[in-house]
Structure formats: C-alpha cells, structure tokens
Amino acid sequence: TCSYLLPGYHLLKDTVSDTIVYQGFHNLDVCFKTRREHFRIGKANFNYLKQINMIETQQTISLIIGCGHLGSRVLSELESKGIQAWATSRKQVNAELIKNPETHLLLDINNRETWKNLLPLTTAEIDVYFLLPPSQIELACLQDFVTLLGIWKIRRLVMSSSTVVYGSQSRLVDADSEVNIDTDRAERQYSIEQNIRSSGIELKIVRLAGLYASDRIIGKQAILDGQTLSGKGDSWLNLIHTTDAANLLIEVMASETASSIEMGSDGNPVRRANYYGDLADHYSREPPVFRNEETERGEGRRCDNSITVERTAWRAAITDYRKGWLI
C-alpha cells in the first residue's frame with residue numbers, strides 16, 4: 001500500500017473492487033471511471049457527482065488551498081475576472097460563507113482524513129494557490145501532503161510566503177535578495193518553502209509584507225487598549241493591502257515573465273512611530289509609547305517591490321495605508 005494512500009478509500013468499497021481501491025493515487029483515473037459507471041444515486045453522493053460533472057466542463061481548475069483572510073480575497077478577485085475557482089478551508093464555519101458550496105472543500109492538511117475531500121479534483125489540470133499560514137501547518141504532515149500534490153496534474157503552484165525570510169537586519173531587500181534566516185519564524189517559513197519546492201511542481205513563491213485590510217488592521221487592538229508597544233518607533237514597517245496581494249498572486253499565476261520568487265509590498269516602508277501615530281489619531285487614542293528595547297536588528301529591512309513590478313503586469317493600487325484601512 002502506498003504510504004500516501006488517501007484516507008477514506010474504504011468509502012469506495014461498495015462500488016469499486018478492493019483491488020483498485022487500495023492501489024493508491026496512481027490509479028485514480030481507473031477509480032473514477034469505474035465508480036461513475038456503477039454509482040448508485042442518492043443524497044450522500046449527489047454533490048459528489050455534481051462536482052465531477054462541473055470539473056469535466058473545465059479545462060483548467062483554479063484551486064485555493066486555504067480560503068482565509070488572503071484566500072477569500074483571491075477567490076473574490078478571481079470571480080470578478082470571470083474565473084471559477086475551487087476553495088478549501090479547515091473549518092465548516094468558513095464553508096458556510098462560500099457562495100458556491102459545490103466548489104468548496106473542507107480540508108485540513110494536518111488531518112489526513114480530510115484529504116479524501118480532494119478526490120473530485122484529482123483527474124483535472126489544476127492551478128493551485130497555496131495560501132496556508134505557517135501556524136496552520138504541521139511540518140510532519142506537510143511532506144506527505146507535498147507527495148500528494150506531486151502526483152496531481154498541477155500546471156503551476158503559486159505559494160504565499162513572507163518577507164520575514166530576508167531577516168531583520170537593516171537593509172533594502174527585493175525579490176532577488178538572499179535570504180537571512182535569523183529567527184525561528186523565518187526558519188519555519190523557509191522550511192515550508194523548501195518542502196513545497198521538493199514536489200517538483202512548477203512553483204512560484206510570492207513573499208508578502210505585512211497584510212492588512214479594513215477587517216485586519218495591524219496594531220489596532222494594541223492602540224485601542226493603550227498598550228506599550230514592543231520594539232522601537234524608528235524601525236521600519238512594510239505593508240501590502242490584502243487586495244493588492246491577491247491580485248499579485250493571480251498575476252504571478254498567469255505570468256510567463258515572473259520569476260520563481262517575487263515580492264509583494266506597497267513600496268512605501270513607514271516608520272513604526274509614524275504608522276502607530278496615525279493609527280492612534282484614526283481611533284482618537286493617545287499617541288503610542290514604545291519600549292525601545294536594545295536589539296541587534298537596527299532599523300529593520302525595507303522592502304522594494306520595483307523588480308517584481310518590472311517583471312509582472314502588477315502594481316500596488318493602495319499605497320497609502322490610511323486609505324487602505326477603509327477598504
């Protein structure tokens with residue numbers, strides 16, 4: 001039995017011979033053909049057949065793995081462009097917010113039992129947006145999931161990552177800068193990048209600055225609570241509005257000129273004192289107070305998006321975070 005055998009194959013035993021069922025992913029085409037020929041229609045499998053029929057009418061499917069804050073924006077932007085996308089989330093509450101439940105799949109990559117929900121997609125050519133935050137990924141499960149991805153018909157995989165891998169030292173960085181793994185968070189993020197790269201799939205990594213939008217304003221709660229802020233006020237903060245990040249991911253997926261690594265930022269690094277001062281004014285709170293701890297990081301990195309702008313048709317539309325707080 002294959003080590004990456006999909007959990008839930010036993011569900012096919014009524015309609016597909018055990019011999020086919022337990023051979024693993026490499027015989028999925030046979031499984032689907034056989035199951036379609038012998039399927040007994042009922043409430044439990046109606047949506048499954050509906051999903052199969054929807055897939056057979058599409059040449060290439062867009063799949064968003066991780067339909068959270070960023071993924072939901074990618075889904076919205078794809079739909080606005082007339083592109084039907086499938087999406088996954090690990091919680092049923094997210095599923096209930098999806099407009100088209102037939103194209104939403106419940107998936108937690110740390111729970112192999114949910115992997116069977118991907119069965120409807122395994123015979124299609126797929127564009128994959130891998131948008132899971134590191135906090136939702138168990139490295140022990142990731143390698144097996146990457147093995148699963150490696151045997152799909154994936155045209156291209158675009159992964160969201162973080163500029164944290166460029167390190168915390170004072171320097172100007174762009175998409176082509178060398179990584180500087182100087183924190184546990186950076187090490188974990190870079191490890192996830194390398195795990196997915198090992199699949200052999202055509203991979204594009206988009207390293208994003210701090211994501212924000214009207215429903216996710218960085219530092220909002222700290223200002224509302226009047227907290228003393230960690231770090232220094234003269235350190236740099238790099239930002240990108242979630243809608244701009246979503247459009248960059250979509251552009252990189254379609255682009256033939258994008259590099260294997262691109263960077264997403266609004267191109268306007270801001271001093272933390274200025275950012276949090278504006279945020280305090282926005283919410284009519286007292287000016288921020290910083291702890292000003294002594295660190296070796298200096299003023300921190302500044303993200304330059306110019307190379308990514310040159311290589312793609314993308315450009316940040318929201319470059320003033322004060323306007324972005326309202327969108």
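The values are calculated or read from the model by the stated rules, or taken from the named source; none is laboratory data. Model, not experiment: these values are computed from the prediction. Neighbour counts are summed over all protein chains in view; Cβ atoms, including those assigned to glycine, are modelled from backbone coordinates with ideal geometry.
Please enumerate the residues belonging to region 131-173 that are surrounded by 16 or more Cβ atoms within 10 Å (Cβ to Cβ), at pLDDT 95 or above and more than 27 Å from Leu63 (Cβ to Cβ). Listed by number, the residues that qualify are Tyr166, Gly167, Val173. Being out of contact with any Cys (no Cβ under 7 Å at 6 or more places or on another chain), under 17 Å from Ala316 (Cα atoms), in contact (Cβ under 8 Å) with a residue 60 or more places away in the chain and outside any strand (DSSP E or B): is that true of Ala246 here? Answer is yes for this residue.
Taking (1) surrounded by 15 or more Cβ atoms within 10 Å (Cβ to Cβ); (2) within 30 Å of Glu286 (Cα to Cα); (3) in contact with a Pro (Cβ under 9 Å, 6 or more places away or on another chain); (4) not aliphatic (A, V, I, L, M) in turn, Tyr212 satisfies each apart from (3).
Screening region 303-314 for residues that are surrounded by 17 or more Cβ atoms within 10 Å (Cβ to Cβ) and part of a loop (DSSP other than H, G, I, E, B) and picking the one that is farthest from the chain's Cα centre (by Cα) gives Asp304. Asp215 satisfies every condition listed in (1) among the charged types (D, E, K, R); (2) under 19 Å from Glu77 (Cα atoms); (3) under 17 Å from the mean Cα position of the chain (by Cα) except (3).
Comparison of Ser255, Ser259, Ser265 shows that the only residue that is over 23 Å from Leu75 (Cβ atoms), of a type outside the set (Val, Ile, Thr) and either at pLDDT 95 or above or more than 16 Å from the chain's Cα centre (by Cα) (or both) is Ser259.
If the condition is being out of contact with any Phe, Trp or Tyr (no Cβ under 8 Å at 6 or more places or on another chain) and surrounded by 15 or more Cβ atoms within 10 Å (Cβ to Cβ), then region 291-302 contributes only Arg297. In summary, Ala317 fulfils each of the numbered conditions (1) part of a helix (DSSP H, G or I); (2) within 30 Å of Glu202 (Cα to Cα); (3) of a type in the set (A, V, I, L, M, F, W, C) with the single exception of condition (1).
To keep it simple, each residue is scored yes or no on (1) of a type in the set (Val, Ile, Thr); (2) modelled with pLDDT of 95 or more; (3) touching a strand residue (DSSP E or B) at 6+ places or on another chain (Cβ under 6 Å); (4) within 26 Å of Ala316 (Cα to Cα).
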position	(1), (2), (3), (4)
Ser177	no, yes, no, yes
Asn180	no, yes, no, yes
Gly200	no, no, no, no
Ile217	yes, yes, no, yes
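One line per residue, one yes/no per condition, for (1) surrounded by fewer than 17 Cβ atoms within 10 Å (Cβ to Cβ); (2) not small (Gly, Ala, Ser):
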site	(1), (2)
Lys232	no, yes
Ser235	no, no
Asn238	no, yes
Asp244	no, yes
Leu249	no, yes
Met253	no, yes
Asn274	yes, yes
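With respect to Gln51, determine if the residue is under 22 Å from Ile154 (Cα atoms), surrounded by 13 or more Cβ atoms within 10 Å (Cβ to Cβ), over 17 Å from the mean Cα position of the chain (by Cα) and at pLDDT 55 or above. In short, yes.
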